[in-house]
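The values are calculated or read from the model by the stated rules, or taken from the named source; none is laboratory data. Just so you know, these numbers come straight off a predicted model, no measurement behind them. Backbone-built Cβ (ideal geometry, glycine too); neighbour counts: all protein chains shown. With ligands, DNA and RNA removed, areas are computed over all heavy atoms of the protein, side chains included. Shrake-Rupley method; radii C 1.70, N 1.55, O 1.52, S 1.80 Å.
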Amino acid sequence: MSQASLELQNTHACFGGEQRFYQHASREIGLPMKFSVYLPPQALQGKKVPAVMYLAGLTCNEETFMTKAGAQRLAAALGLALIAPDTSPRG
């Protein structure tokens, strides 16, 4: 995937960090793919942080885990980045 195909769709402050939503064109499936990334305050300060990839179930998308689990609060405290792709491409 080239960097040029990655599009930042939305961003907002969250527990001292930043919640970001991205989209990119997938060559493999021929559809747009979406994913979300939570960057804790430590990452925004330029520190390297570990990342947790959450693969949601069939009816979830890139927003479900981030909005319903409330994981950003704990991730901010622990200094974890959270990545949640849409596991069911819509299109």
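Quick notes on this structure:
- Accessible-area composition of the chain, carbon plus sulfur, in percent [1.4 Å probe]: 57
- Considering only beta bridges that DSSP places wholly inside region 23-83, some 60 percent are antiparallel.
- Partner aspartates and glutamates for Lys68 [C-alpha distance under 17 Å; skip if fewer than 8 residues away on the same chain]: Glu18, Asp86
- Positive-end residue, the chain charge dipole about Cα centroid, Cβ charges, pick of Thr87, Pro32, Cys14: Cys14
- Annotation for the chain: trypsin sites (Lys or Arg not before Pro) lying in DSSP loop with at most 10 further Cβ atoms inside 10 Å of their Cβ are Arg27, Lys47, Lys48, Arg90.
- When only the Cβ of Lys, Arg, Asp and Glu is charged (+1, +1, -1, -1), the dipole of the chain relative to its Cα centre reaches about 180 debye.
- Debye-formula intensities of the chain, expressed as log10 I(q)/I(0) at q = 0.11, 0.20, 0.25 Å⁻¹, are -0.31, -0.95, -1.27 (one equal scatterer per alpha-carbon, no solvent).
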